[in-house]
Amino acid sequence: MDICKHLSDDMTRPRCAGVQFNDLASLVAGVKSVVYTSVCGREEARILNGLCSDLGLDKLVLADKTNVAGEPVTDLLIGTSIKKMRAGRKAYANVLSLEWGVALDYPECCVRSYISWRKEEDLVRHIRSNSPRGAVFPFWMNNVFNYYSRLSSACEQRDFMAFSGMNRGLERESIIPWHPCSYLCPGTLKKGKRIYEVLEHYMPLGAAARKTALSKPVVFWDKFIFAVLNGSCVKTSGGFAAKYEGLSGPLSLVGPAAAKMLAGTGTLKVSAGGKITHPPGLRLPGNSVFLPFTT
């Protein structure tokens with residue numbers, strides 16, 4: 001496969017925006033055999049056709065629709081297994097089905113967890129509640145900035161556009177192209193590591209930048225309200241210790257009060273259950289969740 005033409009640190013090469021680097025890496029790693037994507041306009045369609053030709057991928061058109069920006073797009077499946085692609089086309093009418101997720105090679109446990117998610121809370125909270133207490137999570141499991149299949153209303157789609165505008169030009173792509181059932185899901189841990197290794201091999205600069213961004217601890221309130229601590233987190237006997245120097249990107253819609261409290265140099269001590277217990281006097285607003293992502 002002529003993968004270097006499409007998976008590299010050279011960002012000047014034309015690419016189909018709907019095909020993420022982590023999806024391509026998952027095909028190369030053998031983690032996935034089918035990728036769900038979309039094209040917007042003739043030029044993207046031409047680029048996608050070239051990618052499929054270069055990599056020996058089949059293509060199956062699903063439907064024409066409109067994306068969150070109101071632009072006409074065509075949904076497609078590309079991959080190496082025409083059998084699974086046909087199963088995916090059959091299940092496309094219900095993307096909340098087990099059949100759809102399995103056709104896309106997502107781990108079945110993660111598909112079942114996503115289907116059981118009650119959208120009154122954000123998916124990140126749902127995954128955190130299914131994760132072991134007192135454990136740290138490898139950076140490649142971080143899906144805080146992955147909004148694929150997490151936007152369920154017009155209001156959330158508008159917030160996403162505002163969030164994207166605030167962080168334009170910042171690499172926010174995740175490592176795993178699905179949402180895990182737990183931040184220590186055994187299957188996703190193994191597959192995510194393989195995807196990252198492929199990214200690291202073919203685009204070392206981009207992979208390193210991703211690792212830096214995704215390995216930071218996060219104080220999380222909601223979908224677009226969080227604080228990424230510019231530091232690191234280690235496991236302690238009673239929970240975690242997070243040393244940081246202010247906040248890192250991406251920017252979120254977190255209020256100025258919380259941002260001010262977490263500015264400067266500090267150390268958070270967090271219980272195994274995720275409650276921030278130190279420094280004394282810190283009173284973060286609302287119901288926050290601590291996400292201990294590490295290298």
(request) Sort out which residues of the stretch 98-150 are over 23 Å from Pro292 (Cα atoms), acidic (Asp, Glu) and without any contact (Cβ under 8 Å) to a residue 40 or more places away in the chain, and write them in order of number. (result) Glu99, Glu108, Glu120
(message) Consider the stretch 97-124. How many of its residues are buried (at least 18 other Cβ atoms within 10 Å of the Cβ) and of a type in the set (D, E, K, R)?
(response) 2
(request) Would you mind telling me which numbered condition in (1) under 19 Å from Thr212 (Cβ atoms); (2) at pLDDT 90 or above; (3) part of a loop (DSSP other than H, G, I, E, B) Leu170 fails? (result) (2)
(request) Specify the residue that is farthest from Asp105 (Cα to Cα); the eligible residues are those in the stretch 8-18 that are of a type outside the set (Gly, Ala, Ser) and surrounded by fewer than 21 Cβ atoms within 10 Å (Cβ to Cβ). (result) Thr12
(message) Let me spell it out: the conditions are (1) under 22 Å from Cys4 (Cα atoms); (2) touching a strand residue (DSSP E or B) at 6+ places or on another chain (Cβ under 6 Å); (3) crowded, with 21+ Cβ neighbours inside 10 Å, and Leu76 meets all of them except one. Which number is the exception?
(response) (1)
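On the given criteria, is Ala272 farther than 28 Å from Ser152 by Cβ, surrounded by fewer than 17 Cβ atoms within 10 Å (Cβ to Cβ) and in contact with an Asp or Glu (Cβ under 6 Å, 6 or more places away or on another chain)? Step through it out loud before you land on a result.
On the way: farther than 28 Å from Ser152 by Cβ: yes; surrounded by fewer than 17 Cβ atoms within 10 Å (Cβ to Cβ): yes; in contact with an Asp or Glu (Cβ under 6 Å, 6 or more places away or on another chain): no.
No.
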(request) Kindly list the number of the only condition in (1) out of contact with any Phe, Trp or Tyr (no Cβ under 8 Å at 6 or more places or on another chain); (2) under 20 Å from Ile225 (Cα atoms) that fails for Ser116. (result) (2)
(message) Yes or no: the stretch 167-175 includes at least one residue that is within 21 Å of Asp9 (Cα to Cα), in contact with a Gly (Cβ under 8 Å, 6 or more places away or on another chain), acidic (Asp, Glu) and free of Cβ contacts under 8 Å to residues at least 60 places away in the same chain.
(response) yes
(request) Within the stretch 180-212, track down each residue that is touching a Lys or Arg at 6+ places or on another chain (Cβ under 8 Å) and surrounded by 23 or more Cβ atoms within 10 Å (Cβ to Cβ). (result) Cys181, Tyr183, Leu199
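The values are calculated or read from the model by the stated rules, or taken from the named source; none is laboratory data. Quick caveat, the model's predicted, so the values are computed rather than measured. All Cβ positions, even for glycine, are placed from backbone atoms using ideal geometry, and neighbour counts span all protein chains on display.
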